[in-house]
Amino acid sequence: MRHFEEGMERGGRGGGRHGSGGGGRVFGHGGLRLVLLQLIADKPRHGYELIKEIGDRLGGSYSPSPGVIYPTLTLLEELGYTTMDESGGGRKLYTITDTGQAFLADNRAAADAMLARMQDAGAGSPGRPPQVVRAIENFKMAVRMRLASPLSDEQAHAFAQLLDQTTQSIERI
């Protein structure tokens with residue numbers, strides 16, 4: 001799979017968050033800001049709703065992490081493009097401001113192009129159910145996180161055995 005960012009920069013369709021070429025940003029410079037602003041302009045939303053909406057629009061091939069979404073939402077608020085209201089349970093509801101609407105209008109062509117490319121990317125993998133793509137991304141993240149710390153020989157053998165068993169189980173489906 002190619003990186004979604006590569007597809008966005010080249011005008012093509014993107015793949016998952018991390019393709020065979022390694023990790024990388026999914027949206028080009030400023031792209032996530034425009035997408036978030038448009039989604040908030042469509043309807044005030046909570047951060048987790050924005051994460052889910054982007055994942056859904058991309059057909060499950062990518063779902064932004066809270067570590068990407070929330071700092072961008074903070075930036076949008078600091079720029080005066082959105083406001084944030086605390087609702088029950090500590091949830092934050094983001095609403096677009098007049099300044100945000102003006103910024104979005106000034107960047108309408110770029111925002112529309114970004115949303116159209118997201119739609120194309122979401123339609124680009126009809127044989128891959130979103131729940132399977134999500135599970136694969138979760139699995140890859142868990143493996144990367146576990147391998148971030150050194151493994152003893154015993155742990156490495158157990159880890160490899162588990163991966164081999166999982167592979168064999170998948171092949172039997």
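In nm, what is the difference between 0.36 nm times the number of residues separating Asp42 and His29 and their Cα-Cα distance?
Gain on extension, Asp42 to His29, equals 2.5 nm.
Would you please give the FRET efficiency between Lys52 and Asp112, computed as 1/(1 + (r/R0)^6) with r the Cβ-Cβ distance and R0 = 25 Å, to the nearest 0.05?
0.70
By its C-alpha gyration tensor, with a ≥ b ≥ c as the square roots of the eigenvalues, how is the stretch 129-173 shaped: rounded for a/c under 1.5, else prolate for a/b larger than b/c, else oblate?
It is oblate, given that a/c is not under 1.5 and a/b is not larger than b/c.
What list do you get for Thr72, Thr167, Thr82, Thr95 if you sort them by fewest beta carbons within 10 Å?
Thr167, Thr95, Thr72, Thr82
Within a 10 angstrom radius of the beta carbon, how do Ile170, Ile40 rank from fewest other beta carbons to most?
Ile170, Ile40
Read-outs: derived from the displayed coordinates by stated rules, not from any lab. Source: prediction; values computed, not measured. Please note: Cβ atoms are built from the backbone with ideal geometry, for glycine as well, and neighbour counts cover all protein chains shown.
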